[in-house]
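Take a look at the structure below.
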Amino acid sequence: MSSAITGLKPEPVWKHFAKILTIPHCSGNEKAIGDYVISVAEGLGLPWKRDKVGNVVVSKPAASGREGAVGAILQGHLDMVCEKNSGTEHDFKKDPIRAAIKGEWVHAEGTTLGADNGIGLAAALAVMEDKTLVHGPMEFLFTVDEETGLTGANKIPKGFLAGKMLLNLDSEDEGTFTIGCAGGADSTLVLPLERKKAASRNLYRLHLQGFRGGHSGIDINEGRGNAIKLLARMLGQARATGFELVGLDGGSKHNAIPREAFAVLSCPPAKARAMKAALQKAFDKISVEYKAVEPEARFTLEPVEGREPALLKDSGHRLIDLLLAIPHGVVAMHPEIAGLVETSTNLAIVKTGKKELEVLCSTRSSVASALEATRDVLKAVCALAGARADLRDGYPGWMPDLASPLLKKLKEVYERAFAKQAEIVAVHAGLECGIIGEKFPGMDMISFGPTIKNPHSPEERVHVGSVEKFWAFLTAALDELSR
Ligand SMILES: [Zn+2]
């Protein structure tokens, strides 16, 4: 039972977290937990609003003497990722999450815990309730459906918030401040294809697989191989042997680095040996180059039954050249924040149809103009190849502002409280702050939280001591920010 955690400190935070555990709140099902937030606000006589999609904002007046301070917003998301181990009996629509304590950590039994973002919500509710805290005018923003696409943040109506600074409580490393994130946008590149009239025989399936893949934002700087790019490279290096290309396919998700790709080739028996040797030679180079990061990379080349109309020679070459020319990987590192990828692009999915090749690229940057410039490169490659580019609207990033007054004050508070410096980071993925910042220009924002390991999986756990520090820091920060 969740009562296991109610004796933990700080008591007001764990009390609300214990309650949150009893309310089902997977993404898309936030009505009941929103009702809980509202019931706490009403119990305190605080005004609240709920928008059409279910985002809730509660206002709390300033402590006496701090009425003139700049308004601060505490923000978290109402939803959680619902995952369970196979073999765990759990109905996320009605069963409470069963929390347990193990050493210094709280985890759930066989399911995600929802400390992401339940601890942030619980802390916001505890601040809302506490009449002894010193702070300026406050708002508490609870968003829906962060986890499946930031849709709650996307739908916040204009004028929903009055505050000018926002403390997002959805970070997972105590002692770390997040001050930026990437925006992103997908582009589809379409290359018209021309095929022979007659179907070719002597078909082979070339399959390149065993790559690690990973998240196209978080893992893009790990130097992992992109199976599509590398398959195009093998075909490019072996093309002089005279095979015909029927098609090339690979990748599965816009936000994943492709782990495998395959091509269908047609090759007359007299040239088959040379083709195999050339492909092997090309692969051997890749295998040496990537031996540290991609030890499982491998390819197979197998004859397949049937006949297919192959691409005309020019068309096949153009397909290979296009895939070779499309950029993939890190485009730029941030000039001031060590280790942060500023701009990247992922060649994510390739599909060959009868008449067209479709390539999906997913581009990210914390700098809007750099995102645009990288998409201009994709457009230029298309123009050179005789392909067309369909650039869809993306979501905004959050450009790190190392000169932010909010950051400066919170760094001081942290150092005073714990006699060490907070680490300043930004992430190369989308966060709610990116969207909120675009809707409310001039909003000074920062994100921090307790230490949570393995969120979004049944291994999720939150460090008890870090919750205590998180609370101490949050309350001291609200005091300082209202001075
Ligand atoms: Zn979260």
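Radius of gyration (Cα atoms) of segment 352-483, expressed as a multiple of 2.2 N^0.38 Å: 1.48. Applying both filters, DSSP loop and at most 15 other Cβ atoms within 10 Å, to the trypsin sites (Lys or Arg not before Pro) of segment 19-78 gives 52.
Once neighbouring chains are kept in place and the probe is 1.4 Å, which whole percent of the accessible area of the chain is contributed by carbon and sulfur?
51
Overall, segment 1-111 carries a charge dipole of about 220 debye about its Cα centre when +1 sits on the Cβ of Lys and Arg and -1 on the Cβ of Asp and Glu, all other atoms neutral. Rounded to the nearest Hz, the phi-derived 3J(HN,Hα) couplings of segment 406-416 under the Karplus curve 6.51 cos²θ - 1.76 cosθ + 1.60 (θ = phi - 60°) are 4, 4, 4, 5, 5, 4, 5, 4, 5, 5, 5, where x marks glycine and proline. The length gained on full extension between residue 53 and residue 252, counted as 0.36 nm times the residue separation minus their Cα-Cα distance, comes to 68.7 nm.
In a DSSP loop and with at most 14 other Cβ atoms within 10 Å, the GluC sites (Glu not before Pro) in segment 98-135 are 104, 109. Once you order the gyration tensor axes a ≥ b ≥ c over the Cα atoms, which shape class does segment 124-197 get: rounded for a/c under 1.5, otherwise prolate or oblate by comparing a/b with b/c? Prolate, since a/c reaches 1.5 and a/b exceeds b/c.
Dipole magnitude for the chain: about 1820 debye, using +1 per Lys or Arg Cβ and -1 per Asp or Glu Cβ, origin at the Cα centre.
List the equivalent ellipsoid semi-axes of the chain in whole Å, largest first, each obtained as the square root of 5λ for an eigenvalue λ of the Cα gyration tensor.
In descending order the semi-axes read 50, 23, 20 Å.
Karplus-based coupling profile of segment 250-263, in residue order and whole Hz: x, x, 9, 9, 5, 9, 10, 6, x, 8, 8, 7, 9, 10, with θ = phi - 60° in 6.51 cos²θ - 1.76 cosθ + 1.60 and x standing for Gly or Pro. Sorted from longest to shortest, the spans of the Cα atoms of segment 88-244 along the three principal axes equal 80, 42, 33 Å. Coupling constants for segment 355-362 follow from the phi torsions by the Karplus curve (6.51 cos²θ - 1.76 cosθ + 1.60, θ = phi - 60°), and in residue order they are 10, 9, 9, 10, 10, 9, 10, 10 Hz; glycine and proline get x. For the chain, 181, 267, 361, 382, 433 have no disulfide-compatible partner, since no other Cys C-beta lies under 4.7 Å from theirs. Using a probe of 1.4 Å on the protein chains alone, the accessible area found for residue 321 is around 70 Å². Under Stokes-Einstein, with the Kirkwood radius over Cα pairs as Rh, the value for segment 228-387 at 37 °C and 0.692 mPa s is 192 µm²/s.
Amide H contacts under 5 Å for residue 256: 216, restricted to partners 5 or more places along the chain or on a different chain, H placed in the peptide plane at 1.01 Å from N.
For residue 331, the residues whose modelled amide H falls within less than 5 Å of its own, excluding neighbours fewer than 5 places apart on the same chain, are 343, 344, 345.
Working from label points 7 Å from Cα in the Cα-to-Cβ sense, the residue 305 to residue 420 distance is 6.5 nm. Ordering 127, 383, 25 by the projection of their Cα atoms onto the charge dipole of the chain, which places +1 on the Cβ of Lys and Arg and -1 on the Cβ of Asp and Glu, puts 383 at the extreme positive end. Placing +1 on each Lys and Arg Cβ and -1 on each Asp and Glu Cβ, with no other charges, gives segment 162-310 a dipole about its Cα centre of roughly 1120 debye.
Between the amide H of residue 180 and those of 427, distances stay under 5 Å, these residues lying 5 or more places away or on another chain, with hydrogens modeled in the peptide plane.
Taking each of 229/276; 49/411; 19/164 in turn, the alpha-carbon distance tops 22 angstrom for 49/411; 19/164. Solvent exposure of the chain amounts to 44 Å² per residue of accessible area, where only protein heavy atoms count and the probe is 1.4 Å. Counting other Cβ atoms within 10 Å, which GluC sites (Glu not before Pro) in segment 305-343 have at most 13 and lie in a DSSP loop? Here the GluC sites (Glu not before Pro) that fit, given the DSSP loop and packing criteria, are 305, 336.
The values are calculated or read from the model by the stated rules, or taken from the named source; none is laboratory data. Here the structure is a predicted model, which means the values were calculated and not measured. Don't worry about glycine lacking a Cβ; one is built from the backbone with ideal geometry, like all the others, and counts go over all protein chains shown. Side chains included, ligands, DNA and RNA excluded: accessible areas come from the protein's heavy atoms. Shrake-Rupley method; radii C 1.70, N 1.55, O 1.52, S 1.80 Å.
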